[in-house]
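Colleague: Dumping the structure here so I can ask a few things about it.
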Amino acid sequence: MRAARWIAPVVMFVAAILAWQGVASTDWFDDLTLASPAEVADSLWSDRSLLFDSLGTTVIEVLVGLGISVALGALTAIAMHLWRPLHEAAYPLLVGSQAIPVVIVAPLFIIAFDYGLWPKVAIVALVCFFPVTVNLMDGLRSVAPEQLKLMRSLGASRVQTLWKVELPSALPSLFSGLKIAATVSVIGAVFGEMAGAESGLGYLVLLDNHQLETPRAYAGVVLLAALAVGLFLLTTVAERVATPWTREGDTTA
Amino acid sequence: MQTRLESPVEEPLVGQADVSVTGIERRFVARRRRPPVLALDGVSIDVAAGEVLAIVGPSGCGKSTLLELIAGLQAPDAGAIAVGGAVGADERLRACAYMPQRDGLLPWRDALGNAALALECAGGFTRARAREAAAPLFERFGLDGFESATPAELSGGMRQRVAFVRTLLAGRPVLLLDEPFGALDSLTRGQMQEWLAGALASEPRTVVLVTHDVDEALLLADRVAIMSPRPGRVVSELRVDLPRPRPRRRTVTTPEFASLKEQALEALGQ
């Protein structure tokens, strides 16, 4: 039964690859415009050392950026949850952080932080901060009022209520935020690299584009997508391990 | 019924506290720029130490609000409340154990962990120590074997038992039970009423029990206060002089029970 769930998506995926190969094999496009899956596969193998070096750079940018955004986002969400005046003061700023067009800001970060790792990390952290913070904050607020009354009547301190009730209740929301963050983090890193870099997959794809190394550019895109999907799947697995009760049919009662 | 076994938690403070509610009013702002709705209109109730009082009334008559006012979870707009002589909301919070309508079990904790929550918060126990101290009560109240079951694995009746054990473990002299069996089917509810009567016989406390079920009130309580629809007022009080224990089948068929039930239904306007 479980295997059956995988059949349809796999068939769909293979069909899409075959259709791509079919279109690329016609002479509607020349080889410099459209690389075929076979050419991309060939590039993934023959250019593997360059591609995977670049992937390594991007992975580090993404992971460090994600880590910073989760740490800062969790602290911000908890602080805003515990202290209402901070919530009111900082909320517009928080929304504003998401309204910043990253494409435009990326070059400014490069000017401010110079080439290298940190401007990319800053951009990844910027795009991931909002989904992490807002989702965690919503989760912390979503506890049933009755549950909070119960904790008050049991004589629980603010920290006990936060630790024993609010944070565990907020975990599913936090993971929703992390899933969004995991996927946008890769886009953030690519923007950062395109604005100015010496390595990384975004940088490589841009370079290959200019040099008409079309198959390698496609190979880079494939790896970027795989990275985002991989991070998403890892988050899903972590969610299943950390919140087993959400799959028992009964949610918070 | 059940004889008291050796005390589970270093002699839980089975206090003797009375509850006195005098002239309580409570208003709610239901919608902005509308006059507030009067939920409770001059409610006065006295509960003697060790007495079980049931409050019966139609939905929306403010009986749950009354319970939260006694517990110190809400503040009245007028009137005075004292629990064991304590009038401040914080002192009342420390004198009452409140069992919410829905069981309020945390889905990520197992049954024993949920009951032990009371000791972690109210008693400052560590998690492990709290579990250890809560375990004997599981045996006493028919929950042994279910210690590590998650709430989702428990039946409605078992969940209420865990919630009740948690309420007991708070170690407060006054129990405030808000429609504890309202969500159960009627067969399970009957079993749980007998179970609760047995539990209270072995762990006597002052109890205020809110219910909309007249039979439940008469089976469990020493006295029944009947409330009117909103704005809530106490319209009648009945003393329930039925002998204890009150096994359901033999009690509900007696003429005394029928007569009390008729008086209660009449007061409810049924």
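Colleague: Size of the dipole of chain B about the Cα centre, Lys and Arg at +1 and Asp and Glu at -1 on the beta carbon, nothing else charged, in debye to 20?
Modeller: Here the size comes out at about 760 debye.
Colleague: Another question, if that's okay. Enumerate the residues in segment B:144-160 having an amide nitrogen under 20 Å from the point lying 7 Å beyond the Cα of B:Ser202 toward its Cβ.
Modeller: So the set is B:144-149, B:155, B:157-160.
Colleague: Related question: Given the C-alpha atoms of segment A:40-244, compute the convex hull and give its volume per residue in Å³. Let's see the in-between values first.
Modeller: Details: hull volume 24.3 nm³, N = 205.
So the per-residue Cα hull volume is 119 Å³.
Colleague: Quick one: which residues, 5+ away or cross-chain, put their amide H under 5 Å from the amide H of B:Ile45? H built at 1.01 Å from N.
Modeller: B:Val21, B:Thr22, B:Gly23
Colleague: Just going by the charge dipole of segment A:46-152, with Lys and Arg at +1 and Asp and Glu at -1 on Cβ, which of A:Phe113, A:Leu93, A:Gly56 is farthest out on the positive end?
Modeller: A:Leu93
Colleague: Turning to a different aspect of this structure: Would you calculate the volume per residue, in Å³, of the smallest convex hull containing every Cα atom of the protein assembly as shown?
Modeller: Per-residue hull volume (Cα only) is 213 Å³.
Colleague: Follow-up. Please compute, for the alpha-carbon atoms of chain B, the extent along each of the three principal axes and give them in descending order in Å.
Modeller: Cα extents, longest axis first: 49, 47, 34 Å.
Colleague: 7 Å from Cα along Cα→Cβ at both A:Leu82 and A:Ile17: what's the point-to-point distance in nm?
Modeller: Distance between label points: 5.1 nm.
Colleague: Another question, if that's okay. Can you list the equivalent-ellipsoid semi-axes of segment B:120-239, largest first and in whole Å, using the square root of 5 times each Cα gyration tensor eigenvalue? Could you put the intermediate results ahead of the total?
Modeller: Working: eigenvalues 161, 57, 34 Å².
Computed over segment B:120-239, the values are 28, 17, 13 Å.
Colleague: Also, quick follow-up: I'd like to know which of A:Ala242, A:Ala195, A:Thr161 lies farthest towards the positive end of the charge dipole of segment A:127-253, counting +1 on Cβ of Lys and Arg and -1 on Cβ of Asp and Glu.
Modeller: Selected residue: A:Thr161.
Colleague: Would you mind calculating the relative contact order of chain A from Cα pairs under 8 angstrom and at least 6 residues apart, reporting the percent as a whole number?
Modeller: With pairs under 8 Å counted, the relative contact order is 26 percent.
Colleague: Something else: So, by mean Cβ neighbours within 10 angstrom, what's the order for A:26-37, A:174-185, A:228-239, B:188-199 with the highest one leading?
Modeller: A:174-185, B:188-199, A:228-239, A:26-37
Colleague: Please compute, for peptide B:117-129, the average count of beta-carbon atoms on other protein chains lying within 10 Å of each residue's beta-carbon. Mind showing how you got there, number by number?
Modeller: On the way: counts 7, 5, 1, 4, 12, 4, 2, 3, 0, 0, 1, 0, 0.
Mean inter-chain Cβ contacts per residue within 10 Å come to 3.
Colleague: If you take each beta carbon of peptide A:143-151 and count the beta carbons of other chains within 10 angstrom, what is the mean?
Modeller: Mean shielding count: 5.
Colleague: Suppose R0 equals 45 Å. What FRET efficiency, 1/(1 + (r/R0)^6) with r the Cβ-Cβ distance, do A:Leu75 and A:Ser49 give to the nearest 0.05?
Modeller: Calculated value: 0.70.
Colleague: Just to be sure I follow the rule: in the protein assembly as shown, considering lysines 8 or more places apart or on different chains, how many pairs have Cα atoms under 23 Å apart?
Modeller: Close lysine pairs found across the protein assembly as shown: 4.
Colleague: Tell me, in nm to one decimal, what length is gained between B:Arg249 and B:Gln101 on full extension, where the rule is 0.36 nm per residue of separation less the Cα-Cα distance?
Modeller: Full extension of this stretch gives 50.7 nm more.
Colleague: Would you mind getting me the FRET efficiency between B:Thr126 and A:Arg158? Use the beta-carbon distance for r and R0 = 25 Å, nearest 0.05.
Modeller: 0.85
Colleague: Now a separate question. For chain A, return all DSSP H helices satisfying: extent of Cα atoms along own axis at least 24 Å; mean Kyte-Doolittle hydropathy at least 0.0.
Modeller: A:2-25, A:48-82, A:117-141, A:167-195, A:214-242
Colleague: Taking the 0 to 90 degree range and rounding to the nearest ten, how far is the long axis of helix B:127-140 tilted relative to the main principal axis of chain B, both from C-alpha atoms?
Modeller: So the helix axis and the longest Cα principal axis differ by about 80 degrees.
Colleague: What is the dipole size for segment A:112-253, taken about its Cα centre, with +1 at each Lys and Arg Cβ and -1 at each Asp and Glu Cβ, in debye to the nearest 20?
Modeller: Numbers: 10 positive and 11 negative charges, 121 e Å.
Here segment A:112-253 has a charge dipole of around 580 debye.
Colleague: Residue farthest toward the positive end of the dipole of chain A, with Cβ of Lys/Arg at +1 and Asp/Glu at -1: which of A:Gly139, A:Thr33, A:Val186?
Modeller: A:Gly139
Colleague: Next question, about the same structure. Nearest 0.05, what FRET efficiency do A:Ile7 and A:Trp28 give at R0 = 30 Å with Cβ-Cβ as r?
Modeller: Details: r = 31 Å, r/R0 = 1.05.
The calculated FRET efficiency here is 0.45.
Colleague: Roughly how big is the protein assembly as shown's charge dipole about its Cα centre, with Cβ charges of +1 (Lys, Arg) and -1 (Asp, Glu), in debye to the nearest 20?
Modeller: 1580 debye
Colleague: Cβ neighbours within 10 Å, averaged per peptide: list B:83-90, A:96-103 in order, most packed at the top.
Modeller: B:83-90, A:96-103
Colleague: Compare the peptides B:159-166, A:74-81 by average per-residue count of other Cβ atoms within 10 angstrom and give them in order, highest first.
Modeller: Going from most to least packed, we get B:159-166, A:74-81.
Colleague: In whole percent, what relative contact order does chain B give with Cα contacts below 8 Å and a gap of six or more residues?
Modeller: 27 percent
Colleague: Follow-up question, since we're still on this one. If you count, for every residue in B:162-171, the Cβ atoms of partner chains within 10 Å of its Cβ, what is the mean? Walk me through the numbers on the way to the answer.
Modeller: Values: counts 0, 1, 0, 0, 2, 3, 0, 1, 4, 1.
Mean inter-chain Cβ contacts per residue within 10 Å come to 1.
Colleague: A further question follows. Helix B:111-122: angle to the longest alpha-carbon principal axis of chain B, degrees 0 to 90, nearest 10?
Modeller: 70 degrees
Colleague: Near the amide H of B:Tyr98, under 5 Å away, which other amide H atoms are found, from residues 5 or more places off or on another chain, if H is placed in the peptide plane?
Modeller: B:Leu176
We did not get these values from a lab; they are worked out from the coordinates using the rules stated. Just so it is clear, the structure is predicted and the values come from calculations on it, not from any experiment. Cβ coordinates were reconstructed from backbone atoms using ideal geometry, including for glycine residues, and neighbour counts include every protein chain displayed.
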